[in-house]
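Student: Below are the C-alpha coordinates for one structure; questions will follow.
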Amino acid sequence: MSSAPLESKPRTVRGASTRLTFWYAIVFTLGVGGLFALAYLLIARLVERTDREVLQSKLNEYSALYQAGGFRALEFAVNREQKGGQQKSLFVRLATARGEVTLANVPDEWITFQQSAISIDGMQRQVGVVRIPKDAERELALASAVMPDGSLLQVGRSTTNRETTLRTFQRAFLAVSAAVILLGIGAGAWLAHRTMKPVRDVVATARTIIETGDLDARVATTASGDELDEMAQLFNRVLERNERLVRAMRESLDNTAHDLRTPLTRLRGIAELALQSDDAGAAREALADCAEESERVIEMLRALMDITEAEAGMMRLDRRRTDLATLVGEAVELYEHVAAEKKIIVHNDVSAPCEAEVDPARMRQVIANLLDNAIKYTPSGGLVFLSAERAADKLTLSVRDTGPGVPAEEQARIWTRLYRGDKSRSARGLGLGLSLVKAIVEAHGGSVAVESREGSGATFRVKLPVATAL
(Lines give C-alpha, C1' and ligand atoms only; values in the text may rest on other atoms or scores of the structure.)
Protein backbone atom coordinates (compact mmCIF):
# COMPACT_ATOMS: atom_id res chain seq x y z
CA MET A 1 0.00 0.00 0.00
CA SER A 2 2.90 2.37 0.63
CA SER A 3 4.49 1.89 -2.81
CA ALA A 4 1.74 3.65 -4.77
CA PRO A 5 2.20 7.12 -3.25
CA LEU A 6 5.98 6.83 -3.63
CA GLU A 7 5.67 5.99 -7.33
CA SER A 8 3.37 8.96 -7.94
CA LYS A 9 5.76 11.55 -6.51
CA PRO A 10 8.32 11.53 -9.34
CA ARG A 11 5.46 11.94 -11.82
CA THR A 12 4.30 14.94 -9.82
CA VAL A 13 7.74 16.51 -10.05
CA ARG A 14 7.93 15.84 -13.79
CA GLY A 15 4.42 17.26 -14.11
CA ALA A 16 5.55 20.43 -12.36
CA SER A 17 8.47 20.76 -14.79
CA THR A 18 6.10 20.25 -17.73
CA ARG A 19 3.71 22.89 -16.40
CA LEU A 20 6.56 25.33 -15.90
CA THR A 21 7.74 24.72 -19.46
CA PHE A 22 4.20 25.10 -20.80
CA TRP A 23 3.54 28.41 -19.04
CA TYR A 24 7.01 29.66 -19.90
CA ALA A 25 6.34 28.89 -23.58
CA ILE A 26 3.00 30.71 -23.45
CA VAL A 27 4.44 33.79 -21.77
CA PHE A 28 7.47 33.79 -24.07
CA THR A 29 5.30 33.44 -27.21
CA LEU A 30 2.97 36.21 -26.07
CA GLY A 31 5.99 38.38 -25.31
CA VAL A 32 7.52 37.80 -28.75
CA GLY A 33 4.14 38.41 -30.42
CA GLY A 34 3.69 41.61 -28.45
CA LEU A 35 7.13 42.84 -29.44
CA PHE A 36 6.37 42.07 -33.10
CA ALA A 37 3.05 43.89 -32.97
CA LEU A 38 4.72 46.92 -31.41
CA ALA A 39 7.60 46.86 -33.91
CA TYR A 40 5.20 46.40 -36.84
CA LEU A 41 3.05 49.33 -35.68
CA LEU A 42 6.05 51.58 -35.24
CA ILE A 43 7.52 50.66 -38.63
CA ALA A 44 4.15 51.08 -40.39
CA ARG A 45 3.71 54.53 -38.84
CA LEU A 46 7.26 55.46 -39.71
CA VAL A 47 6.84 54.44 -43.38
CA GLU A 48 3.48 56.18 -43.57
CA ARG A 49 4.88 59.35 -42.04
CA THR A 50 7.82 59.22 -44.47
CA ASP A 51 5.42 58.94 -47.44
CA ARG A 52 3.38 61.85 -46.17
CA GLU A 53 6.46 63.97 -45.63
CA VAL A 54 7.68 63.19 -49.18
CA LEU A 55 4.25 63.98 -50.68
CA GLN A 56 3.90 67.13 -48.62
CA SER A 57 7.36 68.28 -49.66
CA LYS A 58 6.58 67.60 -53.34
CA LEU A 59 3.20 69.30 -53.02
CA ASN A 60 4.84 72.39 -51.56
CA GLU A 61 7.39 72.38 -54.39
CA TYR A 62 4.71 72.12 -57.12
CA SER A 63 2.54 74.70 -55.40
CA ALA A 64 5.40 77.19 -55.39
CA LEU A 65 6.11 76.53 -59.08
CA TYR A 66 2.45 76.96 -60.00
CA GLN A 67 2.08 80.16 -58.06
CA ALA A 68 5.32 81.55 -59.51
CA GLY A 69 5.07 80.41 -63.16
CA GLY A 70 1.54 79.18 -63.62
CA PHE A 71 0.36 76.06 -65.39
CA ARG A 72 3.28 76.01 -67.87
CA ALA A 73 5.94 75.99 -65.14
CA LEU A 74 4.16 73.16 -63.32
CA GLU A 75 3.70 71.11 -66.50
CA PHE A 76 7.34 71.65 -67.51
CA ALA A 77 8.61 70.48 -64.11
CA VAL A 78 6.38 67.39 -64.09
CA ASN A 79 7.36 66.39 -67.64
CA ARG A 80 11.03 67.00 -66.93
CA GLU A 81 10.94 64.72 -63.90
CA GLN A 82 8.99 62.13 -65.87
CA LYS A 83 11.50 62.12 -68.76
CA GLY A 84 14.46 62.20 -66.39
CA GLY A 85 13.26 59.05 -64.69
CA GLN A 86 12.45 60.77 -61.41
CA GLN A 87 9.29 60.11 -59.49
CA LYS A 88 7.93 57.60 -62.03
CA SER A 89 5.37 56.35 -59.56
CA LEU A 90 4.27 59.86 -58.55
CA PHE A 91 0.70 60.85 -59.38
CA VAL A 92 0.10 64.56 -60.16
CA ARG A 93 -3.30 66.11 -60.93
CA LEU A 94 -4.47 69.68 -61.38
CA ALA A 95 -8.19 70.47 -61.62
CA THR A 96 -9.90 73.85 -62.07
CA ALA A 97 -12.47 75.18 -59.68
CA ARG A 98 -15.19 73.83 -61.98
CA GLY A 99 -13.69 70.32 -61.77
CA GLU A 100 -11.99 70.28 -65.19
CA VAL A 101 -8.70 68.36 -65.20
CA THR A 102 -5.98 70.45 -66.83
CA LEU A 103 -3.02 68.27 -65.86
CA ALA A 104 -2.94 64.55 -65.08
CA ASN A 105 0.25 62.55 -64.69
CA VAL A 106 -0.74 58.94 -63.99
CA PRO A 107 1.97 56.25 -63.71
CA ASP A 108 1.86 53.43 -66.24
CA GLU A 109 0.84 50.78 -63.73
CA TRP A 110 -2.40 52.67 -63.05
CA ILE A 111 -4.86 52.29 -65.94
CA THR A 112 -7.70 54.32 -64.53
CA PHE A 113 -8.09 56.75 -61.69
CA GLN A 114 -11.18 56.94 -59.57
CA GLN A 115 -11.07 59.52 -56.83
CA SER A 116 -12.96 59.21 -53.59
CA ALA A 117 -14.57 62.18 -51.93
CA ILE A 118 -11.97 64.64 -50.71
CA SER A 119 -12.56 67.09 -47.90
CA ILE A 120 -10.29 70.09 -47.46
CA ASP A 121 -9.57 71.31 -43.95
CA GLY A 122 -9.11 74.85 -42.77
CA MET A 123 -5.47 74.87 -43.96
CA GLN A 124 -6.75 73.95 -47.46
CA ARG A 125 -4.66 70.82 -47.69
CA GLN A 126 -5.07 67.28 -46.53
CA VAL A 127 -3.71 63.78 -47.02
CA GLY A 128 -6.31 61.28 -48.15
CA VAL A 129 -6.59 57.82 -49.67
CA VAL A 130 -8.18 56.94 -53.03
CA ARG A 131 -8.58 53.62 -54.81
CA ILE A 132 -6.82 52.94 -58.12
CA PRO A 133 -8.38 49.76 -59.56
CA LYS A 134 -6.52 47.65 -62.12
CA ASP A 135 -6.13 43.90 -61.68
CA ALA A 136 -6.55 44.48 -57.96
CA GLU A 137 -7.17 47.45 -55.78
CA ARG A 138 -4.27 49.73 -55.03
CA GLU A 139 -4.05 52.33 -52.33
CA LEU A 140 -2.90 55.86 -53.10
CA ALA A 141 -1.48 58.18 -50.47
CA LEU A 142 -2.71 61.60 -51.62
CA ALA A 143 -1.77 65.16 -50.63
CA SER A 144 -3.96 68.02 -51.86
CA ALA A 145 -3.78 71.82 -51.83
CA VAL A 146 -6.07 74.58 -53.16
CA MET A 147 -4.29 77.21 -55.23
CA PRO A 148 -5.08 80.96 -55.01
CA ASP A 149 -7.10 80.76 -58.27
CA GLY A 150 -9.27 77.98 -56.86
CA SER A 151 -7.54 75.12 -58.66
CA LEU A 152 -6.97 71.87 -56.78
CA LEU A 153 -3.46 70.44 -56.95
CA GLN A 154 -3.05 66.82 -55.91
CA VAL A 155 0.12 64.77 -55.54
CA GLY A 156 -0.18 61.03 -54.87
CA ARG A 157 1.97 58.00 -54.45
CA SER A 158 1.22 54.29 -54.51
CA THR A 159 1.45 52.48 -51.19
CA THR A 160 2.60 49.29 -52.89
CA ASN A 161 6.19 49.80 -51.78
CA ARG A 162 5.03 50.36 -48.25
CA GLU A 163 3.00 47.15 -48.27
CA THR A 164 5.90 45.26 -49.84
CA THR A 165 8.24 46.47 -47.11
CA LEU A 166 5.80 45.49 -44.37
CA ARG A 167 5.16 42.07 -45.91
CA THR A 168 8.91 41.47 -46.09
CA PHE A 169 9.14 42.41 -42.44
CA GLN A 170 6.28 40.04 -41.61
CA ARG A 171 7.90 37.09 -43.40
CA ALA A 172 11.27 37.81 -41.80
CA PHE A 173 9.66 38.08 -38.39
CA LEU A 174 7.71 34.85 -38.77
CA ALA A 175 10.85 32.98 -39.75
CA VAL A 176 12.95 34.50 -36.97
CA SER A 177 10.23 34.30 -34.32
CA ALA A 178 9.57 30.61 -35.08
CA ALA A 179 13.24 29.84 -34.49
CA VAL A 180 13.33 32.06 -31.39
CA ILE A 181 10.18 30.49 -29.94
CA LEU A 182 11.50 26.96 -30.49
CA LEU A 183 14.80 27.96 -28.92
CA GLY A 184 12.94 29.64 -26.06
CA ILE A 185 10.82 26.55 -25.43
CA GLY A 186 13.95 24.39 -25.39
CA ALA A 187 15.69 26.81 -23.05
CA GLY A 188 12.55 26.96 -20.88
CA ALA A 189 12.42 23.18 -20.63
CA TRP A 190 16.10 23.09 -19.67
CA LEU A 191 15.64 25.88 -17.10
CA ALA A 192 12.54 24.21 -15.65
CA HIS A 193 14.39 20.90 -15.39
CA ARG A 194 17.35 22.64 -13.76
CA THR A 195 15.14 24.71 -11.46
CA MET A 196 13.26 21.66 -10.22
CA LYS A 197 16.45 19.70 -9.51
CA PRO A 198 16.48 20.60 -5.77
CA VAL A 199 12.87 19.39 -5.54
CA ARG A 200 13.79 16.12 -7.24
CA ASP A 201 16.75 15.74 -4.87
CA VAL A 202 14.44 16.27 -1.87
CA VAL A 203 12.01 13.67 -3.24
CA ALA A 204 14.82 11.21 -3.94
CA THR A 205 16.29 11.69 -0.47
CA ALA A 206 12.90 11.25 1.19
CA ARG A 207 12.30 8.07 -0.82
CA THR A 208 15.72 6.75 0.18
CA ILE A 209 15.03 7.38 3.87
CA ILE A 210 11.57 5.79 3.68
CA GLU A 211 12.72 2.74 1.73
CA THR A 212 16.05 2.09 3.47
CA GLY A 213 15.65 3.81 6.84
CA ASP A 214 19.04 5.51 6.31
CA LEU A 215 18.80 8.72 8.36
CA ASP A 216 22.25 9.83 7.17
CA ALA A 217 20.95 10.65 3.66
CA ARG A 218 21.11 14.37 2.82
CA VAL A 219 20.14 16.60 -0.09
CA ALA A 220 23.01 18.09 -2.09
CA THR A 221 23.02 21.90 -1.74
CA THR A 222 24.66 24.74 -3.63
CA ALA A 223 25.83 28.19 -2.69
CA SER A 224 23.21 29.93 -4.84
CA GLY A 225 21.26 31.17 -1.83
CA ASP A 226 17.90 31.08 -3.66
CA GLU A 227 14.62 29.82 -2.23
CA LEU A 228 15.02 26.26 -3.54
CA ASP A 229 18.54 25.99 -2.15
CA GLU A 230 17.25 27.33 1.17
CA MET A 231 14.48 24.71 1.06
CA ALA A 232 17.10 21.98 0.59
CA GLN A 233 19.16 23.35 3.48
CA LEU A 234 16.12 23.52 5.76
CA PHE A 235 15.15 19.99 4.73
CA ASN A 236 18.64 18.83 5.68
CA ARG A 237 18.33 20.61 9.02
CA VAL A 238 15.02 18.84 9.64
CA LEU A 239 16.66 15.52 8.79
CA GLU A 240 19.57 16.29 11.11
CA ARG A 241 17.22 17.23 13.93
CA ASN A 242 15.12 14.11 13.38
CA GLU A 243 18.28 12.02 13.31
CA ARG A 244 19.43 13.53 16.60
CA LEU A 245 16.00 13.00 18.13
CA VAL A 246 15.84 9.38 16.98
CA ARG A 247 19.40 8.74 18.15
CA ALA A 248 18.66 10.45 21.49
CA MET A 249 15.46 8.42 21.83
CA ARG A 250 17.33 5.20 21.17
CA GLU A 251 20.09 6.13 23.60
CA SER A 252 17.50 7.19 26.18
CA LEU A 253 15.67 3.90 25.81
CA ASP A 254 18.93 1.99 26.10
CA ASN A 255 20.06 4.03 29.11
CA THR A 256 16.63 3.82 30.74
CA ALA A 257 16.55 0.07 30.28
CA HIS A 258 20.08 -0.18 31.63
CA ASP A 259 19.41 2.10 34.63
CA LEU A 260 16.07 0.47 35.44
CA ARG A 261 17.56 -3.00 35.24
CA THR A 262 19.74 -2.40 38.31
CA PRO A 263 17.03 -1.24 40.78
CA LEU A 264 14.53 -3.77 39.48
CA THR A 265 17.09 -6.57 39.81
CA ARG A 266 17.87 -5.42 43.35
CA LEU A 267 14.14 -5.29 44.14
CA ARG A 268 13.72 -8.85 42.96
CA GLY A 269 16.80 -10.05 44.82
CA ILE A 270 15.74 -8.36 48.06
CA ALA A 271 12.21 -9.74 47.76
CA GLU A 272 13.50 -13.28 47.11
CA LEU A 273 15.84 -13.13 50.09
CA ALA A 274 13.02 -11.84 52.30
CA LEU A 275 10.75 -14.67 51.17
CA GLN A 276 13.43 -17.25 51.99
CA SER A 277 14.01 -15.81 55.49
CA ASP A 278 11.74 -16.29 58.51
CA ASP A 279 13.29 -13.35 60.39
CA ALA A 280 10.75 -10.53 60.81
CA GLY A 281 13.51 -7.93 61.19
CA ALA A 282 15.10 -9.02 57.92
CA ALA A 283 11.72 -8.80 56.22
CA ARG A 284 11.21 -5.24 57.46
CA GLU A 285 14.70 -4.29 56.30
CA ALA A 286 13.96 -5.86 52.90
CA LEU A 287 10.74 -3.86 52.63
CA ALA A 288 12.66 -0.66 53.43
CA ASP A 289 15.20 -1.44 50.71
CA CYS A 290 12.38 -2.15 48.27
CA ALA A 291 10.78 1.19 49.08
CA GLU A 292 14.13 2.96 48.54
CA GLU A 293 14.65 1.32 45.16
CA SER A 294 11.04 2.05 44.17
CA GLU A 295 11.57 5.71 45.06
CA ARG A 296 14.66 5.71 42.87
CA VAL A 297 12.65 4.38 39.92
CA ILE A 298 9.81 6.87 40.56
CA GLU A 299 12.31 9.74 40.76
CA MET A 300 13.80 8.73 37.42
CA LEU A 301 10.39 8.52 35.74
CA ARG A 302 9.32 11.84 37.26
CA ALA A 303 12.46 13.55 35.97
CA LEU A 304 11.95 12.08 32.51
CA MET A 305 8.36 13.36 32.45
CA ASP A 306 9.47 16.85 33.57
CA ILE A 307 12.10 17.00 30.85
CA THR A 308 9.62 15.84 28.23
CA GLU A 309 7.07 18.46 29.32
CA ALA A 310 9.67 21.23 29.25
CA GLU A 311 11.02 20.24 25.83
CA ALA A 312 7.46 20.10 24.47
CA GLY A 313 6.71 23.57 25.90
CA MET A 314 4.05 22.18 28.25
CA MET A 315 5.78 22.71 31.59
CA ARG A 316 3.60 24.79 33.90
CA LEU A 317 5.55 27.59 35.55
CA ASP A 318 4.29 29.52 38.56
CA ARG A 319 6.30 32.67 37.90
CA ARG A 320 6.69 35.16 40.69
CA ARG A 321 9.21 37.75 41.81
CA THR A 322 11.86 35.65 43.53
CA ASP A 323 15.19 36.51 45.10
CA LEU A 324 17.66 34.02 43.63
CA ALA A 325 20.08 34.80 46.47
CA THR A 326 17.60 33.20 48.86
CA LEU A 327 17.28 30.08 46.69
CA VAL A 328 21.08 29.78 46.45
CA GLY A 329 21.40 30.17 50.21
CA GLU A 330 18.86 27.42 50.81
CA ALA A 331 20.67 25.07 48.41
CA VAL A 332 24.05 25.77 50.03
CA GLU A 333 22.57 25.09 53.45
CA LEU A 334 20.99 21.85 52.19
CA TYR A 335 24.30 20.55 50.76
CA GLU A 336 26.47 21.90 53.55
CA HIS A 337 26.68 18.54 55.33
CA VAL A 338 27.52 16.67 52.09
CA ALA A 339 30.26 19.19 51.25
CA ALA A 340 31.66 18.99 54.78
CA GLU A 341 31.97 15.19 54.54
CA LYS A 342 34.12 15.57 51.42
CA LYS A 343 35.99 18.52 52.95
CA ILE A 344 34.82 20.77 50.12
CA ILE A 345 34.47 24.50 50.76
CA VAL A 346 31.46 26.19 49.14
CA HIS A 347 31.79 29.96 48.52
CA ASN A 348 28.45 31.68 48.08
CA ASP A 349 29.00 35.11 46.50
CA VAL A 350 25.40 35.62 45.43
CA SER A 351 24.13 38.62 47.37
CA ALA A 352 20.65 40.10 47.56
CA PRO A 353 18.86 41.61 45.83
CA CYS A 354 19.02 39.29 42.87
CA GLU A 355 15.41 39.12 41.80
CA ALA A 356 13.83 37.49 38.79
CA GLU A 357 10.37 36.45 37.62
CA VAL A 358 10.78 32.68 37.88
CA ASP A 359 9.08 29.61 39.23
CA PRO A 360 10.86 29.28 42.61
CA ALA A 361 10.27 25.51 42.88
CA ARG A 362 11.69 24.85 39.41
CA MET A 363 14.59 27.26 39.84
CA ARG A 364 15.37 25.58 43.18
CA GLN A 365 15.74 22.33 41.23
CA VAL A 366 18.16 24.03 38.82
CA ILE A 367 20.38 25.39 41.58
CA ALA A 368 20.28 22.16 43.59
CA ASN A 369 21.21 20.03 40.58
CA LEU A 370 24.11 22.28 39.60
CA LEU A 371 25.42 22.42 43.18
CA ASP A 372 24.98 18.67 43.65
CA ASN A 373 26.82 18.06 40.39
CA ALA A 374 29.70 20.35 41.41
CA ILE A 375 30.11 18.74 44.86
CA LYS A 376 29.78 15.22 43.46
CA TYR A 377 32.64 15.59 40.95
CA THR A 378 34.94 17.83 43.00
CA PRO A 379 37.63 15.83 44.80
CA SER A 380 38.16 16.07 48.56
CA GLY A 381 39.61 19.42 49.61
CA GLY A 382 38.30 21.20 46.50
CA LEU A 383 36.32 24.41 46.13
CA VAL A 384 32.91 25.31 44.73
CA PHE A 385 32.03 28.94 43.89
CA LEU A 386 28.55 30.37 43.33
CA SER A 387 28.17 33.89 41.92
CA ALA A 388 25.68 36.09 40.09
CA GLU A 389 26.20 38.91 37.63
CA ARG A 390 23.63 41.50 36.65
CA ALA A 391 23.79 43.18 33.22
CA ALA A 392 21.44 45.44 31.33
CA ASP A 393 19.88 42.64 29.31
CA LYS A 394 20.46 39.48 31.33
CA LEU A 395 21.08 37.90 34.71
CA THR A 396 23.82 35.26 34.91
CA LEU A 397 24.14 32.67 37.69
CA SER A 398 27.47 30.79 37.71
CA VAL A 399 28.53 27.59 39.53
CA ARG A 400 32.26 26.85 39.29
CA ASP A 401 34.16 23.89 40.74
CA THR A 402 37.74 22.67 40.91
CA GLY A 403 36.96 19.16 39.75
CA PRO A 404 38.40 17.18 36.83
CA GLY A 405 36.39 19.16 34.30
CA VAL A 406 34.36 17.98 31.33
CA PRO A 407 36.21 16.62 28.27
CA ALA A 408 35.62 18.67 25.13
CA GLU A 409 34.10 15.72 23.28
CA GLU A 410 31.51 15.25 26.04
CA GLN A 411 30.46 18.88 26.59
CA ALA A 412 27.73 18.76 23.96
CA ARG A 413 26.40 15.42 25.22
CA ILE A 414 26.18 16.05 28.95
CA TRP A 415 22.79 17.74 28.39
CA THR A 416 21.36 14.56 26.88
CA ARG A 417 19.01 12.73 29.17
CA LEU A 418 20.45 9.66 30.90
CA TYR A 419 23.89 10.36 29.46
CA ARG A 420 26.77 9.66 31.83
CA GLY A 421 30.37 10.24 30.89
CA ASP A 422 33.16 7.77 31.47
CA LYS A 423 34.28 9.57 34.62
CA SER A 424 30.78 9.60 36.11
CA ARG A 425 29.90 5.94 35.64
CA SER A 426 30.96 5.06 39.17
CA ALA A 427 29.15 8.03 40.74
CA ARG A 428 25.66 7.53 42.06
CA GLY A 429 23.04 9.32 40.00
CA LEU A 430 20.41 9.06 37.29
CA GLY A 431 22.14 10.98 34.51
CA LEU A 432 19.13 13.35 34.33
CA GLY A 433 20.28 16.31 36.42
CA LEU A 434 21.81 18.46 33.66
CA SER A 435 19.06 17.49 31.21
CA LEU A 436 16.49 18.73 33.71
CA VAL A 437 18.49 21.93 34.31
CA LYS A 438 18.60 22.69 30.61
CA ALA A 439 14.90 21.95 30.11
CA ILE A 440 13.80 24.16 33.03
CA VAL A 441 16.06 27.08 32.12
CA GLU A 442 14.94 27.03 28.48
CA ALA A 443 11.31 26.84 29.63
CA HIS A 444 12.00 30.16 31.40
CA GLY A 445 13.36 31.59 28.14
CA GLY A 446 16.99 31.40 29.22
CA SER A 447 20.03 29.34 28.35
CA VAL A 448 22.66 27.27 30.10
CA ALA A 449 26.21 26.48 29.00
CA VAL A 450 29.39 24.91 30.32
CA GLU A 451 32.96 26.15 30.07
CA SER A 452 35.62 23.65 30.97
CA ARG A 453 39.09 22.37 30.27
CA GLU A 454 39.90 18.85 31.29
CA GLY A 455 41.70 18.85 34.64
CA SER A 456 40.86 22.53 35.36
CA GLY A 457 37.32 22.32 36.70
CA ALA A 458 34.07 23.40 35.06
CA THR A 459 31.85 26.49 35.14
CA PHE A 460 28.12 26.23 34.49
CA ARG A 461 26.37 29.51 33.61
CA VAL A 462 22.61 30.01 33.65
CA LYS A 463 21.47 33.10 31.75
CA LEU A 464 18.00 34.55 32.12
CA PRO A 465 16.83 37.24 29.64
CA VAL A 466 15.58 40.71 30.51
CA ALA A 467 11.98 39.59 30.10
CA THR A 468 12.57 37.19 32.97
CA ALA A 469 15.21 38.91 35.04
CA LEU A 470 14.00 42.17 36.64
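The values are calculated or read from the model by the stated rules, or taken from the named source; none is laboratory data. Everything numeric in this text was worked out from a predicted model, so none of it was measured. Virtual Cβ from ideal backbone geometry, glycine too; neighbours counted across all protein chains shown. Areas reflect the complete protein model, heavy atoms only, side chains present, ligands, DNA and RNA absent. Shrake-Rupley method; radii C 1.70, N 1.55, O 1.52, S 1.80 Å.
Student: Does Glu285 fit the bill of being surrounded by fewer than 17 Cβ atoms within 10 Å (Cβ to Cβ) and modelled with pLDDT of 80 or more?
Tutor: Yes; evaluated as a whole, the condition is true for this residue.
Student: Within the bounds of the range 263-276, is there any residue that is part of a helix (DSSP H, G or I), at pLDDT below 75 and of a type in the set (S, T, N, Q)?
Tutor: No, because not a single residue in the range 263-276 is part of a helix (DSSP H, G or I), at pLDDT below 75 and of a type in the set (S, T, N, Q).
Student: Say whether the condition of being at pLDDT below 75 and either among the β-branched types (Val, Ile, Thr) or in contact with a helix residue (DSSP H, G or I) (Cβ under 8 Å, 6 or more places away or on another chain) (or both) is met by at least one residue in the range 432-448.
Tutor: Yes, because at least one residue in the range 432-448 is at pLDDT below 75 and either among the β-branched types (Val, Ile, Thr) or in contact with a helix residue (DSSP H, G or I) (Cβ under 8 Å, 6 or more places away or on another chain) (or both).
Student: Which count do you get for residues in the range 208-247 that are charged (D, E, K, R) and under 18 Å from Ala16 (Cα atoms)?
Tutor: Matching residues across the range 208-247 total 2.
Residue-by-condition table, conditions (1) outside any loop (DSSP other than H, G, I, E, B); (2) surrounded by 12 or more Cβ atoms within 10 Å (Cβ to Cβ); (3) on the phi > 0 side of the Ramachandran plot; (4) touching a strand residue (DSSP E or B) at 6+ places or on another chain (Cβ under 8 Å):
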{"position": "Ile181", "(1), (2), (3), (4)": "yes, yes, no, no"}
{"position": "Ala192", "(1), (2), (3), (4)": "yes, yes, no, no"}
{"position": "Ala223", "(1), (2), (3), (4)": "no, no, no, no"}
{"position": "Glu230", "(1), (2), (3), (4)": "yes, yes, no, no"}
{"position": "Arg237", "(1), (2), (3), (4)": "yes, no, no, no"}
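Student: For the range 78-93, enumerate the residues that are closer than 17 Å to Ala64 by Cβ and at pLDDT 80 or above.
Tutor: Looking only at the range 78-93, we keep the residues that are closer than 17 Å to Ala64 by Cβ, and these are 78, 80-81, 87, 90, 92.
Passing the criteria: Val78, Arg80, Val92.
Student: Checking the conditions here, which among Arg390, Arg400, Arg420 is over 22 Å from Ala310 (Cβ atoms) and either modelled with pLDDT under 85 or touching a His at 6+ places or on another chain (Cβ under 7 Å) (or both)?
Tutor: Being over 22 Å from Ala310 (Cβ atoms) and either modelled with pLDDT under 85 or touching a His at 6+ places or on another chain (Cβ under 7 Å) (or both) holds for just one of Arg390, Arg400, Arg420, which is Arg390.
Student: Kindly establish whether Thr96 is β-branched (Val, Ile, Thr) and either open to solvent by less than 40 Å² (accessible area, probe 1.4 Å) or at pLDDT 70 or above (or both).
Tutor: So Thr96 passes the test.
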